[in-house]
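Everything on this sheet refers to the single structure shown next.
The values are calculated or read from the model by the stated rules, or taken from the named source; none is laboratory data. Everything quoted here is computed from the prediction, not taken from an experiment. Counting neighbours? That spans all protein chains shown, and the Cβs are built from the backbone with ideal geometry, glycine included. Heads up: the accessible areas ignore ligands, DNA and RNA and are worked out on the full protein's heavy atoms, side chains in. Shrake-Rupley method; radii C 1.70, N 1.55, O 1.52, S 1.80 Å.
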Amino acid sequence: QVRIVESGGGLVQPGGSLRLSCVASGSIFNIYSMGWYRQAPGKQRELIARITSDDSTYYADSVKGRFTISRDNTKNTVFLQMNSLKPEDTAVYLCYADVASQRGWVPTDYWGQGTQVTVSS
């Protein structure tokens, strides 16, 4: 089994910054990609950033230029640096990891419980 744990959420004023962290642990042979979704009340879950094992990145248009995703492969950890935060960034941020637990296994997505980010004055 694989466990995903996020940290770093909180309350921040508009224009402020936060850094989210996400650690994957457990039965891990290889992590193909890690990333962040967010879900605001009444809205669909949205993929906002993803990074692959070869450091290829994807950003949603809504966060491009403000958020930066990075990863430490040695620690199975992904980070999301969020700058110039806006009230519309308020959501639960969920981390996922696309993990193969053994050589030759098909990768499976694992999810964390989420961390709340609130942007408000």
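Hey, among 103, 3, which residue is charged (D, E, K, R), modelled with pLDDT under 95, open to solvent by 70 Å² or more (accessible area, probe 1.4 Å) and touching a Phe, Trp or Tyr at 6+ places or on another chain (Cβ under 8 Å)?
One residue alone meets the criteria, 103.
Of all residues in region 60-96, count the ones that are touching an Asp or Glu at 6+ places or on another chain (Cβ under 8 Å) and either free of Cβ contacts under 8 Å to residues at least 12 places away in the same chain or surrounded by fewer than 17 Cβ atoms within 10 Å (Cβ to Cβ) (or both).
Adding up the residues that qualify gives 2.
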